[in-house]
1. Based on what the data block shows, is residue 89 aliphatic (A, V, I, L, M), in the same structural domain as residue 38 (by TED's automatic domain parsing) and over 15 Å from the mean Cα position of the chain (by Cα)?
2. Restricting attention to the range 155-175, which residues are within 13 Å of the ligand (Cβ to nearest atom) and more than 16 Å from residue 101 (Cβ to Cβ)?
3. Do we find that residue 163 is farther than 17 Å from residue 30 by Cα, in contact with a Ser or Thr (Cβ under 7 Å, 6 or more places away or on another chain), assigned by TED's automatic domain parsing to the domain that holds residue 59 and surrounded by fewer than 23 Cβ atoms within 10 Å (Cβ to Cβ) in this structure?
4. May I ask you to list pairs of residues, at least six apart or on different chains, whose Cβ atoms are under 7 Å apart, with the first in the range 74-88 being closer than 18 Å to residue 36 by Cα and the second being of a type in the set (D, E, K, R) and in a helix (DSSP H, G or I)?
5. Output the qualifying pairs, or none if there are none: Cβ atoms under 8 angstrom, residues six or more apart or on different chains, first residue in the range 119-130 and in contact (Cβ under 8 Å) with a residue 12 or more places away in the chain, second residue of a type in the set (D, E, K, R).
6. Would you be able to tell me the number of residues in the range 65-102 that are within 20 Å of residue 47 (Cα to Cα), within 14 Å of the ligand (Cβ to nearest atom) and in a loop (DSSP other than H, G, I, E, B)?
7. Assuming residue 180 fulfils every condition listed in (1) away from the ligand (no atom under 16 Å from the Cβ); (2) part of a helix (DSSP H, G or I) apart from one, which condition is it?
8. Search the range 17-31 for residues that are at negative phi and assigned by TED's automatic domain parsing to the domain that holds residue 206 and pair each with any residue that is part of a strand (DSSP E or B) and aromatic (Phe, Trp, Tyr) when their beta-carbon atoms are under 9 Å apart and the residues are at least 6 apart or on different chains.
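The values are calculated or read from the model by the stated rules, or taken from the named source; none is laboratory data. These figures come from a predicted structure and were not determined experimentally. We place every Cβ from the backbone using ideal geometry, glycine too, and count neighbours over all the protein chains shown.
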Amino acid sequence: MSRQTQAIIHLDKIKQNYQLANQWAPNSKNIAIIKADAYGHGLLKVATYLQPHVAAFGVAIIDEALALRQAGITKNILVLQGVNEAEELQAASDADLWLTIHHPSQVDLVLSTQLKKPIKLWLKLDSGMHRLGILPQQYRKAIEDLLACAWVDPALVLSSHFSSAGDLTSSTSAQQLEVFNQLIESQAGCQNLERSLANSAALASIIESHTDWNRPGIMLYGLPLFEQSHSSDKALQAAMTFNTRVIAIRQLKKGEFVGYSRRWQPKKNSSIATLAVGLC
Ligand SMILES: *Cc1c(COP(=O)(O)O)cnc(C)c1O
């Protein structure tokens, strides 16, 4: 007997959506973002299936990255929020993880924790999102400090994140792009370093944001990317099918109530279906 409610994950669709990212940004490498349990689709199953097809993986926290390593994932993994403690930094080095540096305290942590082998770092600039990222006026010093450190891989990746790429009417992404490019172009030694900017929505709509590495997340799972309708809505395929069953139908008169604490009331006489899903 099968459950009446099922979320069925189509791994092949996730792969096809990833391949669309490669088509839309043919000159970039694309990191498959599988943070938050692969946006609820199952971290280990998604990673194991995608591994042969993707350039690298991105997760939010080190625990997710270490779980991937334990499950035998050998591809490069970027930890999007980096680490905050020496023990985590050591563990990241042992597991050959790539770490984001988004705050000066993380620069200090790297400088003060000697590692046995060079670690690959992504230095994130706050170009306008104002959640994570080194401030523009602190960015140059962060680069210099990291490049002077014996256990930092000198091939830093310079990155930033868009706040509003999902709104096709917003000029914010263009402004952030300008801040990022200007800062990098004006710093000696930065022009040769790799860059990373685009999330899914930018990948699908802002060609100028395509750099060495894009970071598509939500598009892999086939969800709409924009507040407005967009051609990508048709191209992406849903990675989840959600099935359930109607297990009762009743006729309610206007003014009667449904459910706990009589919270919902039909505005007219109605046929009400009860589905085999939900908390209570
Ligand atoms: C979540 C995340 C992404 C992916 O964003 P989507 O909009 O889901 O494509 C990319 N970069 C960073 C830093 C993120 O945190």
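1. Details: aliphatic (A, V, I, L, M): yes; in the same structural domain as residue 38 (by TED's automatic domain parsing): yes; over 15 Å from the mean Cα position of the chain (by Cα): yes.
Yes: the conditions hold for residue 89.
2. If the condition is that a residue be within 13 Å of the ligand (Cβ to nearest atom) and more than 16 Å from residue 101 (Cβ to Cβ), then 162, 163, 164, 165, 166, 167, 173 are the ones that fit.
3. Values: farther than 17 Å from residue 30 by Cα: yes; in contact with a Ser or Thr (Cβ under 7 Å, 6 or more places away or on another chain): yes; assigned by TED's automatic domain parsing to the domain that holds residue 59: yes; surrounded by fewer than 23 Cβ atoms within 10 Å (Cβ to Cβ): yes.
Against the criterion (farther than 17 Å from residue 30 by Cα, in contact with a Ser or Thr (Cβ under 7 Å, 6 or more places away or on another chain), assigned by TED's automatic domain parsing to the domain that holds residue 59 and surrounded by fewer than 23 Cβ atoms within 10 Å (Cβ to Cβ)), residue 163 qualifies.
4. 80/35
5. Short answer, once both residue conditions are applied: 119/153; 120/153; 121/153.
6. Selection size over the range 65-102: 3.
7. (1)
8. From the range 17-31, the pairs are 28/213; 29/213; 30/213; 31/57; 31/213.
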